[in-house]
Amino acid sequence: MPKVLSIILGGGKGTRLYPLTKERSKPAVPFGGKHRIVDIPISNCINSNFKQIYLLTQFNSASLHMHITAAYNFDRFSQGFVEILAAEQTLEHSGWYEGTADAVRKNFIHFQTQKPTHYIILSGDQLYQMDLNAYLEYHMEHNAQITIATTAVNRADASGFGIMKINKERNITAFMEKPAADLDISDWIIPDESRTPGATQGKDYLASMGIYIFNAEVLEEALDNDYTDFGKEVIPQAIEKYKVFSYIYDGYWEDIGTIKSFYDATIDLAAITPKFNFYDEDKPIFTKPRNLPPSKTNHAQMTRCIASEGCVVTEACIIDSVIGIRSVIERNSSLEGVVCMGADFYETESQKKENLAKGIPNIGIGCNTHIKRSIIDKNARIGNNCSIGCRGPVPDGETAQYLVSDGIIVIKKNAIIPDNTLI
């Protein structure tokens, strides 16, 4: 029986997701109303019965530690665990992780005690539901030493990915990092014998998903060097030396590492037929359990929305939005295309009186406030009679309370937006 260790790469500073990553690591960013991004790869592993999981991270890891500790507790008979390995100083290594490959290399001392036969390496900022058991079976059936999960893309999208060239047996013969848009790569088109239903005409190229299976001894040998990055260094060199195959994945997959991709993927969850399915009983997305009451709507109108536990929405109109835990939205307010991450706690009546005395809004969204195309981070205070994103496109930029990226307004965590504010 193979013994698989799952390694989830938590990423670096998460600068592309700033300011959502200002006070938390990228895997800890709230997603879908009640989850965190890290719940996606962890749930893929658990649903595939890969229950020995390491999460590698080094920046702003406190909230991630708290979430993992509260969410993932296996019974002692399963021998499962989710363990965070933050960068640490040892006699052999005294610095930070220098890249994805370097992070794995520096933790072999922890991995090897488990005596794995295979490693599966996953990214911490991707949205997908993959049967990792089928992936492993494919790897073993082909007697592969390394198997790379790939997805079919068109020529325009190919310029944003590492592209794989395969033969008719799906053996990877070459790798190219982000080919320029004007470069002729027609000889990299997927062979007809290797096409899957998702690799339709137009989607002629294979992009790496950043998900890898290695035989244990091959990974240790492939990292016996100074390479720091899997995509740019380890994989191109490995293709020349090892038996490397492509596992073509036809399902939905999205990199949610930027503000725009994160926003688009989150808003899509509220669609009538979302691309990512949170409602599959056989493949649940696990997260921290909370003892919160059901959400309450008082004469509210909600269309294509997700409302998480503990929300109170009063006489508001909400369209195409995702409302996070403990969100409070007051009278005559409207939200359209809004990702509201909610709050970490409810304010008491005495706290609300203190807010009034200080002249600051309560946590949540006040009365007669209208918001479009925005992300509202945790514990934000938005006052009465505000207008956010409702007066046409907003130029990119940053203030102390909010940032605009690709026209999407991000209200920062704990921000205070006073009454009558126009953004």
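Below is a table of values for the structure above.
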{"read-out": "Under Karplus coefficients 6.51, -1.76 and 1.60, residue-wise ³J(HN,Hα) of the range 243-254 in Hz, glycine/proline x", "value": "8, 10, 10, 9, 9, 8, 9, 9, x, 5, 8, 9"}
{"read-out": "Taking all pairs of distinct alpha-carbon atoms in the range 1-61, Kirkwood radius in angstrom", "value": "12.4 Å"}
{"read-out": "Shape call, the range 54-174: gyration tensor on alpha carbons, a/c limit 1.5", "value": "prolate"}
{"read-out": "Length-normalised contact order for the chain - Cα pairs under 8 Å, 6+ apart - percent", "value": "14 percent"}
{"read-out": "DSSP-defined beta bridges in the range 194-330 - what % are antiparallel, rounded to 5", "value": "0 percent"}
{"read-out": "Structure-derived mean projected area of the Cα convex hull in nm² - corresponding label in [x] 25.8; [y] 22.7; [z] 21.7", "value": "[y]"}
{"read-out": "Proximal lysines to residue 168, defined as alpha-carbon separation beneath 22 angstrom and excluding residues fewer than eight positions away on the same chain", "value": "203, 241, 243"}
{"read-out": "Beta bridge orientation in the chain: antiparallel %, DSSP, nearest 5", "value": "35 percent"}
{"read-out": "Length-normalised contact order for the range 80-233 - Cα pairs under 8 Å, 6+ apart - percent", "value": "34 percent"}
{"read-out": "Among 274, 367, 7 - extreme Cα towards positive end, dipole of the chain, charges at beta-carbon", "value": "367"}
{"read-out": "Among 322, 218, 244: highest mean-square fluctuation, GNM of the chain, C-alpha pairs under 10 Å", "value": "218"}
{"read-out": "Dipole moment magnitude, nearest 20 debye, the range 4-268 about Cα centre, only Lys, Arg, Asp, Glu C-beta charged", "value": "660 debye"}
{"read-out": "Options 383, 160, 228, ranked by Cα towards positive dipole end of the chain, top entry (Cβ charges)", "value": "383"}
{"read-out": "Selection of GluC sites (Glu not before Pro), the range 278-352, meeting DSSP coil and at most 13 other Cβ within 10 Å", "value": "281"}
{"read-out": "Angle between the chain longest axis and helix 62-71 axis [Cα atoms, degrees, rounded to 10]", "value": "80 degrees"}
{"read-out": "17 Å Cα-Cα reach of residue 372 towards lysines, excluding residues that sit fewer than 8 places from it in its own chain", "value": "260, 412"}
{"read-out": "Rounded tilt (10° steps) of 259-268 against the dominant C-alpha axis of the chain", "value": "80 degrees"}
{"read-out": "In Hz, Karplus ³J(HN,Hα) per residue of the range 380-385 (6.51, -1.76, 1.60; θ = phi - 60°; x = Gly, Pro)", "value": "6, 10, 10, x, 7, 6"}
{"read-out": "Stretch gain in nm, segment residue 81-residue 298, where the contour uses 0.36 nm per residue and the Cα spacing is subtracted", "value": "73.9 nm"}
{"read-out": "Chain lengthening between residue 168 and residue 143 when straightened (0.36 nm per residue, less Cα-Cα)", "value": "7.4 nm"}
{"read-out": "Sparse-neighbour loop sites [chymotrypsin sites (Phe, Trp or Tyr not before Pro); the range 207-311; at most 11 other C-beta within 10 Å; DSSP]", "value": "279"}
{"read-out": "Cross-link reach list, aspartates and glutamates versus residue 22, counting only Cα pairs under 19 Å and skipping chain neighbours closer than eight places", "value": "125, 344, 377, 396, 398, 406"}
{"read-out": "Overall form of the range 296-417 per C-alpha gyration tensor (a/c, 1.5; a/b vs b/c)", "value": "oblate"}
{"read-out": "Residue (of 198, 25, 399) at the positive-pole extreme of the chain, dipole from beta-carbon charges", "value": "399"}
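Read the figures in this text as sums done on the coordinates, not as results from a lab. Here the structure is a predicted model, which means the values were calculated and not measured. Here the Cβ is made from the backbone with ideal geometry for all residues, glycine too, and neighbour counts use every protein chain on show.
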